[in-house]
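First comes the structure, then the notes that go with it.
The values are calculated or read from the model by the stated rules, or taken from the named source; none is laboratory data. Not measured: the values here are computed from a predicted model. So basically every Cβ, Gly included, is an ideal-geometry build from the backbone, and we count neighbours across all protein chains shown.
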2 protein chains.
Amino acid sequence: MTRQRQVILEALRSSRAHPTGDEVYRLARQELPHISLGTVYRNLDLLSESGLIRKLELGGTARRFDARVPEHHHLRCLSCDKVEDVEVEPMEGLEQSVEEQSGYEVVEHRLELVGYCPGCREKRERAGFR
Amino acid sequence: MTRQRQVILEALRSSRAHPTGDEVYRLARQELPHISLGTVYRNLDLLSESGLIRKLELGGTARRFDARVPEHHHLRCLSCDKVEDVEVEPMEGLEQSVEEQSGYEVVEHRLELVGYCPGCREKRERAGFR
DNA sequence: CTAACTGCAAAAGCTTTGCTTTTCA
DNA sequence: TGAAAAGCAAAGCTTTTGCAGTTAG
């Protein structure tokens with residue numbers, strides 16, 4: 001556990017924003033101005049392999065990371081691209097039923113809801129959408 | 001509707017494999033050897049804006065496209081990266097309950113299951129996993 | 001001490017874009 | 001004939017990698 005690794009983990013733990021790799025890099029640089037982007041990505045991979053953080057694969061181009069590990073799902077704003085956690089009642093039996101139907105060994109499932117956050121929603125309405 | 005656009009749409013309609021942009025390009029080139037990658041991407045965007053195809057934003061780096069438009073969900077193999085359709089009973093009330101909880105205007109939701117397909121599952125077992 | 005890790009910079013993978021020429025309605 | 005689209009190539013954005021030097025245990 002190097003200093004860099006610690007700073008990256010702390011950055012992620014103190015952010016509610018599900019930052020992308022580049023955003024984690026910016027956060028980490030506030031603490032360690034010489035940290036390199038490669039180090040950030042390598043550590044984000046190691047941390048998610050070890051289960052300390054979670055690598056999110058949501059829509060959009062960039063990957064995002066999350067220090068909140070237990071299963072939960074996400075809500076993304078199509079306009080400002082913000083990502084929030086969302087509580088959804090567990091989908092009982094989903095994975096097992098898909099396993100039976102498909103022959104796959106199902107490891108996990110991801111649910112992403114997309115839409116417009118309250119702020120962007122208001123802007124859109126003012127601009128004449130819907 | 002240009003010839004290129006038609007070929008791209010046909011390629012997608014005749015594939016079960018949820019191809020990436022690059023794969024669509026390869027398919028289209030079998031018909032139109034001089035088609036360019038830029039044309040393929042521009043048309044994939046236009047076609048998905050018009051609702052004729054669907055742009056998938058699943059895990060992994062590359063985007064995938066699907067000519068099957070009605071809502072359905074996906075199952076992705078972590079080992080060979082293949083993507084299949086999967087039937088899941090609709091999640092009644094999900095979007096509305098999230099709207100009430102979050103204040104978002106929810107547009108859609110995506111569910112992705114990930115795991116190991118029957119073929120890769122067998123290889124993994126032979127190799128001593130699990 | 002040495003295996004793991006860092007910084008730096010270059011490369012790689014996928015997608016988008018600028019520009020000029022061609023095509024379609 | 002004018003607007004939309006194609007081809008080509010370059011650029012962009014995010015992530016990965018090679019290498020030489022550094023550090024943690």
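Side notes on the structure shown:
- All conditions but one from (1) more than 14 Å from every other protein chain (Cβ to nearest Cβ); (2) within 9 Å of DNA strand D (Cβ to nearest atom) apply to A:Arg68; the one that does not is (2).
- A count restricted to the stretch B:48-65 and to residues that are surrounded by 14 or more Cβ atoms within 10 Å (Cβ to Cβ) and either within 11 Å of DNA strand D (Cβ to nearest atom) or not assigned by TED's automatic domain parsing to the domain that holds B:Gln6 (or both) stands at 1.
- Of all residues in the stretch B:7-26, those being within 16 Å of the chain's Cα centre (by Cα) and surrounded by 18 or more Cβ atoms within 10 Å (Cβ to Cβ) number 10.
- Residue in the stretch A:115-125 that is modelled with the highest pLDDT, counting only those that are at the interface with chain B (Cβ under 7 Å from one of its Cβ atoms) and surrounded by fewer than 20 Cβ atoms within 10 Å (Cβ to Cβ): A:Pro118
- Among the residues of the stretch A:27-47, those identified as within 21 Å of A:Asp81 (Cβ to Cβ) and either exposed (fewer than 14 other Cβ atoms within 10 Å of the Cβ) or within 11 Å of DNA strand D (Cβ to nearest atom) (or both) are A:Leu37, A:Val40, A:Tyr41, A:Leu44.
- Single residue of the stretch B:76-96 satisfying the filter (assigned to a helix (DSSP H, G or I) and not hydrophobic (A, V, I, L, M, F, W, C)) that is nearest to the chain's Cα centre (by Cα): B:Glu95
- Failed criterion for A:Glu99 (all others in (1) in contact (Cβ under 8 Å) with a residue 12 or more places away in the chain; (2) more than 16 Å from the chain's Cα centre (by Cα) hold): (1)
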